[in-house]
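Please read the structure below before turning to the comments.
The values are calculated or read from the model by the stated rules, or taken from the named source; none is laboratory data. Just so we're clear, the structure is a prediction, and the values are computed from it rather than from any experiment. Note that each Cβ is placed from the backbone with ideal geometry, even for glycine, and that neighbours are counted across all protein chains shown. What goes into the accessible areas is simple: the full protein's heavy atoms, side chains included, and nothing from ligands, DNA or RNA. Shrake-Rupley method; radii C 1.70, N 1.55, O 1.52, S 1.80 Å.
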Amino acid sequence: MRRSILLTPGPTQVPEEVLVAGALPIMHHRTPQFEAIFAEATKGLQYIYQTQNPVVIFASSGTGAMESAVVNMLSPGDKVIVIVGGKFGERWANLTKAYNLNTILVTIPWNTVVDPNHIKQLLQENPDVKAVFTTLSETSTGGVTDIKALGAITRNTDTALVVDAVSGLGVVELKTDEWGVDVVVSGSQKGLMLPPGLAFASINAKAQKLMEQSKLPKFYFDWKKALKNLEKNTTPWTPGISLIVQLNEAVKLIKEEGLENVYARHTRLANAIKKGMNAIGLKIFNDHTGSACSAVLCPEGIDGDKLVKLCRDKFKVTLTGGQDEIKGKVFRISTMGNVNDNDAVLGVSVVERALMEMGYQFDKGKAVAATLEALSS
């Protein structure tokens with residue numbers, strides 16, 4: 001049987017230990033046994049989030065946690081700032097508009113990231129802004145936002161900083177408490193190395209104060225209910241039982257490696273792949289690409305979607321293409337989660353093979369050699 005490799009920005013490859021944990025017999029969620037597992041899971045999330053604040057868990061995709069951040073802190077007509085530099089910044093914008101918020105859009109070119117000074121100026125001009133919504137790792141472009149700088153701007157104000165770390169958590173450095181981030185949302189199927197199906201939100205005191213004032217409708221994603229149940233090591237609704245068991249195993253693996261080492265591994269692999277791509281004349285799309293995902297500009301005459309299809313169907317390595325305005329213009333290769341040196345080298349070699357078949361002229365083997373050299377240094 002031919003094994004397929006996922007080098008996608010989610011879902012990501014699931015370690016064997018985590019897969020096995022998901023096959024354990026199901027248990028009832030209103031039992032002391034599950035409550036102990038749930039307590040361990042939420043403690044593990046605090047470690048990865050680097051927070052002492054509560055982290056609530058929903059059985060949903062990461063978008064559910066994003067929606068929870070909107071409906072639990074705000075009221076109709078509230079003014080918010082949304083930073084849009086890719087598809088997932090657009091998701092924040094769509095959510096705030098869906099709930100009739102007064103949204104100030106900060107739209108930036110997809111190949112760059114926001115200047116924190118621009119947000120500082122906007123907040124000075126609009127002191128009534130209730131929240132700034134941004135994205136840590138924008139997987140549609142590869143760009144990484146300077147969350148530390150944004151946190152320094154919002155920390156001593158009444159404005160909450162809300163960060164989508166769905167693809168960044170456990171991949172890109174994020175110090176929630178130290179950097180003054182009020183809400184961080186994430187999902188299970190990226191750096192946490194789980195199947196899809198869980199969403200998380202860390203909620204600090206400023207966010208909880210806004211929660212008390214919020215008048216937007218909410219039911220399933222109600223933080224008050226989630227926080228009250230969190231105190232009893234459970235959830236208001238039926239949780240993703242097997243996924244939470246798997247979460248504990250994934251946290252153990254991350255703790256064993258050490259969070260700083262996890263960050264360093266992702267950076268090392270991403271840099272090696274970038275050097276491999278550069279070696280055969282390919283450029284990285286975003287000027288501020290991080291360690292989660294690299295969007296690689298296709299050479300002239302090469303369709304990125306066709307390249308991705310060839311890699312997946314013939315060579316059994318799944319990459320992803322571009323979205324919206326960069327569809328067909330880039331392909332994306334991820335080093336997120338359960339990825340090692342061999343996976344990175346394989347991914348680069350498959351890109352070389354696909355490009356050769358598609359007629360791109362380059363020194364064959366040069367990308368692989370540059371990747372290997374980077375990994376060996």
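So if R0 is 41 Å, what FRET efficiency would Ser4 and Glu325 give, r being the distance between their Cβ atoms, rounded to the nearest 0.05?
Efficiency for this residue pair is about 0.90.
Helix 341-357 versus the longest principal axis of the chain: what angle, 0 to 90°, nearest 10, using Cα atoms?
60
May I ask for the Kirkwood hydrodynamic radius of region 165-229, worked out over all distinct Cα pairs and given in angstroms to one decimal?
So the Kirkwood estimate lands at 13.2 Å.
Given labels modelled 7 Å from the Cα in the Cβ direction, how far is it in nm from Glu231 to Lys314?
With each label point 7 Å from Cα toward Cβ, the separation is 6.1 nm.
Measure up Lys79/Lys175; Lys190/Lys228; Lys43/Lys190 against 23 Å on the Cα-Cα distance and list the ones that go over.
Checking Cα-Cα distances, Lys79/Lys175; Lys190/Lys228 exceed 23 Å.
For region 69-151, compute Rg over Rh where Rg is the Cα radius of gyration and Rh is the Kirkwood radius from the inverse mean 1/r over Cα pairs.
When Rh is taken as the Kirkwood radius, the ratio is 0.94.
How do 340-351, 216-227 rank on mean C-beta neighbours within 10 Å, highest first?
With the highest mean Cβ count within 10 Å placed first, the list reads 340-351, 216-227.
Roughly speaking, what is the stretch gain from Glu373 to Asp115, that is 0.36 nm per residue apart minus the C-alpha to C-alpha distance, in nm to one decimal?
So the extension gain works out to 89.5 nm.
Can you give me the Cα centroid spacing of region 174-204 and region 87-166 in angstrom?
16
What does the accessible area per residue of the chain come to in Å², with a 1.4 Å probe and no ligands, DNA or RNA counted?
Dividing the accessible area of the chain by its residue count gives 41 Å².
Please list, in order along region 182-191, the HN-Hα scalar couplings obtained from phi with the Karplus expression 6.51 cos²θ - 1.76 cosθ + 1.60 (θ = phi - 60°), rounded to whole Hz, x for Gly and Pro.
Using θ = phi - 60°, the values come out as 7, 9, 10, 10, 7, x, 7, 9, 10, x Hz.
Test of understanding: what is the full-extension gain from Asp177 to Leu105, defined as 0.36 nm times their sequence separation minus their Cα-Cα distance?
Additional length available on full extension: 23.3 nm.
When the C-alpha atoms of the chain are aligned to their principal axes, what extent does each axis show, in angstrom, from largest down?
The Cα atoms of the chain stretch 61, 54, 34 Å along the principal axes, largest first.
Please report, as a whole percent, how much of the solvent-accessible surface of the chain comes from carbon and sulfur atoms (probe radius 1.4 Å).
Within the chain, the accessible surface is 51 percent carbon and sulfur.
What are the semi-axes of the equivalent ellipsoid for region 198-357, taken as the square roots of 5 times the Cα gyration tensor eigenvalues, largest first, in whole Å?
39, 20, 16
What percent antiparallel are the DSSP beta bridges of the chain, to the nearest 5?
About 50 percent, rounded to the nearest 5.
Semi-axes of the equivalent ellipsoid of region 204-291: what are they in whole Å, largest first, if each equals the square root of 5 times a C-alpha gyration tensor eigenvalue?
The equivalent ellipsoid of region 204-291 has semi-axes of 39, 21, 13 Å.
Using just the helices of the chain, give the 222 nm mean residue ellipticity in deg cm²/dmol: DSSP H runs with n ≥ 4 each add -39,500 (n - 2.57), and the total is spread over all residues, rounded to 500.
-13500 deg cm²/dmol
Note down the Stokes-Einstein diffusion coefficient of region 112-215 in µm²/s, whole number, using a Kirkwood radius over alpha carbon pairs, 37 °C, and 0.692 mPa s.
Answer from the Stokes-Einstein relation: 230 µm²/s.
Could you compute how fast region 27-175 diffuses translationally, taking Rh as the Kirkwood radius over C-alpha pairs and applying Stokes-Einstein at 37 °C with viscosity 0.692 mPa s? Give it in µm² per second.
200
Out of residues 5 or more away from Leu161 or on other chains, whose amide H comes under 5 Å of its own, with H placed 1.01 Å from N in the peptide plane?
Amide H to amide H, under 5 Å and 5 or more residues apart or across chains, Leu161 pairs with Val132, Asp182, Val183.
Residue by residue through region 197-212, which ³J(HN,Hα) values in whole Hz follow from phi under the Karplus form 6.51 cos²θ - 1.76 cosθ + 1.60 (θ = phi - 60°), with glycine and proline marked x?
Per-residue couplings from phi come out as x, 10, 10, 9, 9, 8, 9, 8, 5, 4, 5, 5, 5, 5, 4, 5 Hz.
May I ask you to list the aspartates and glutamates whose Cα is less than 20 Å away from that of Lys306, ignoring any residue fewer than eight positions away on the same chain?
Straight-distance partners of Lys306: Asp324, Glu325, Glu352, Glu357.
Sort 228-241, 177-190, 101-114, 155-168 by the packing proxy (mean of other Cβ within 10 Å over each peptide's residues), most packed first.
By packing density, highest mean first, the sequence is 177-190, 155-168, 101-114, 228-241.
With everything on Cα atoms, drop me the angle between helix 366-376 and the longest principal axis of the chain, reported from 0 to 90° to the nearest 10.
The helix 366-376 is inclined about 50 degrees to the chain.
How far, in degrees from 0 to 90, does helix 87-98 lean away from the longest principal axis of the Cα atoms of the chain, to the nearest 10?
Taking Cα atoms only, the helix is inclined about 30 degrees.
Under unit Cβ charges (Lys, Arg +1; Asp, Glu -1), what dipole magnitude, rounded to 20 debye, does the chain have relative to its Cα centre?
500
Assuming R0 = 56 Å, what is the FRET efficiency of Asn94 and Gln361, from their Cβ-Cβ distance, to the nearest 0.05?
So, using R0 = 56 Å, E works out to roughly 0.85.
How large is Rg/Rh for region 13-72, to two decimals, with Cα atoms and a Kirkwood Rh?
Rg/Rh: 1.01.
For the pair Lys43 and Ala205, how long in nm is the line joining their label points, each one 7 Å along Cα→Cβ?
Label at Lys43, label at Ala205, 2.4 nm between them.
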